[in-house]
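Heads up, the thing below is written out as structure tokens.
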Amino acid sequence: MIVGYATITLRLYSPGSLKEKRHIIKSLISRIRNNFNVSVAEIDLNDKWQLAEIGVATLSNDKKIVDSQINSVIGLIENDTRVEIVNVTVNTI
């Protein structure tokens, strides 16, 4: 079994408050969950209204599938105009 996970740091430009940030992040997480069979959650930078860090995890018996799913999630985030990816760390076990 291959486990793949990524931590993705995001910069948000439009929110003026934590409430607006939460709305954007919850919407993004819902889109990821609806489109891909992965686990995703906000994992850090909860009190910063212009930054967020989300974690994505998936598993399969094939490394190519794991890599493809994580890359697809990153692609979806890159196409979202509300956020900018600052850093991505991808690992497989």
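List of remarks:
- Where Gly75 falls short, out of the listed (1) surrounded by fewer than 12 Cβ atoms within 10 Å (Cβ to Cβ); (2) over 13 Å from Ala6 (Cβ atoms); (3) free of Cβ contacts under 8 Å to residues at least 40 places away in the same chain; (4) of a type outside the set (Asp, Glu): (2)
- Selection within the stretch 55-72 - touching a residue at least 12 places away in the same chain (Cβ under 8 Å) and small (Gly, Ala, Ser): Gly55, Ala57, Ser60, Ser72
- Yes/no for Thr92 being touching a residue at least 12 places away in the same chain (Cβ under 8 Å), of a type in the set (Ser, Thr, Tyr), at negative phi and in contact with a Lys or Arg (Cβ under 8 Å, 6 or more places away or on another chain): yes
FYI, it's all coordinate maths here, none of it is from the lab. Remember, predicted model here, so these are calculated numbers, not experimental data. Heads up, the Cβs are rebuilt from the backbone with ideal geometry, glycines too, and the neighbour counts pull from every protein chain shown.
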